[in-house]
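Read the figures in this text as sums done on the coordinates, not as results from a lab. None of these values were measured; they are calculated from a predicted model. Cβ coordinates were reconstructed from backbone atoms using ideal geometry, including for glycine residues, and neighbour counts include every protein chain displayed.
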Amino acid sequence: MTVKRVSPQEADQLVREEGYVYLDVRSIPEFEAGHPPGAYNVPIMHTTPAGMQPNTEFMAVVAAVFPKHAKLVIGCRSGNRSLRAAQILLQAGFEDVVDQRAGLAGARDAFGQLQEPGWVSEGLDMATEAHPERAYEALLARASG
């Protein structure tokens, strides 16, 4: 199953003009430091003292919050976690999932050289305050409740 990948500008346009929702799959601290306005946060990985660990409730939370026909743009820091999340969601039956290439910080090669600018370096809007109902804690509660 091929994931449609779009640039940061295309992702922004999908959210602003075509009814897509931005789903940020970065960790909670990354999301709290800044994210696209209106984004939802469901981490695919959690930051732990032992390093990044898979979020075993990722699929359950996304499925509880979004219907399978939801229009979702998936983003992360550099495009790796978001691509993996998009693949998981498409395999689970989500119909309209788009991965935002290059994430917020940009895609880099093995030597750390910027290959494609991300959301931030493209000058797209950022927010530091999340809508309370779109932060992971609230979404997890919705899935559990």
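Just a few scattered comments:
- Summing Lys and Arg as +1 and Asp and Glu as -1 over all other residues whose Cβ lies under 13 Å from the Cβ of THR47 gives a net charge of +1.
- Check: the chain dipole with +1 on Lys, Arg Cβ and -1 on Asp, Glu Cβ, in debye: 400 debye
- Neighbourhood net charge (9 Å Cβ-Cβ; Lys/Arg +1, Asp/Glu -1) for PRO8: -3
- Size of electric dipole in region 74-128: Cβ of Lys, Arg +1 and of Asp, Glu -1, about Cα centre, debye, nearest 20: 260 debye
- Measuring how big the chain is from its alpha-carbon positions, Rg and Dmax come out at 14.1, 45 Å.
- The alpha carbons of region 26-70 occupy a box of 36, 25, 10 Å along the principal axes, longest dimension given first.
- Charge context of PRO36, other residues only, Cβ under 9 angstrom, K/R +1, D/E -1: -3
- Additional length obtainable on full extension of the chain from ARG142 to GLN115, 0.36 nm per residue less Cα span: 5.9 nm
- Counting DSSP beta bridges with both ends in region 4-125, the antiparallel % (nearest 5): 30 percent
- Percentage relative contact order, the chain, counting C-alpha pairs under 8 Å, at least six apart: 30 percent
- FRET efficiency, GLU129 to ASP96 (Cβ-Cβ, R0 22 Å, nearest 0.05): 0.20
- Computed about its Cα centre, the charge dipole of region 1-85 is approximately 280 debye, with only Lys, Arg, Asp and Glu carrying charge at their Cβ.
- The chain: calculated mean residue ellipticity at 222 nm from DSSP helix runs of at least 4, using -39500 (n - 2.57): -9000 deg cm²/dmol
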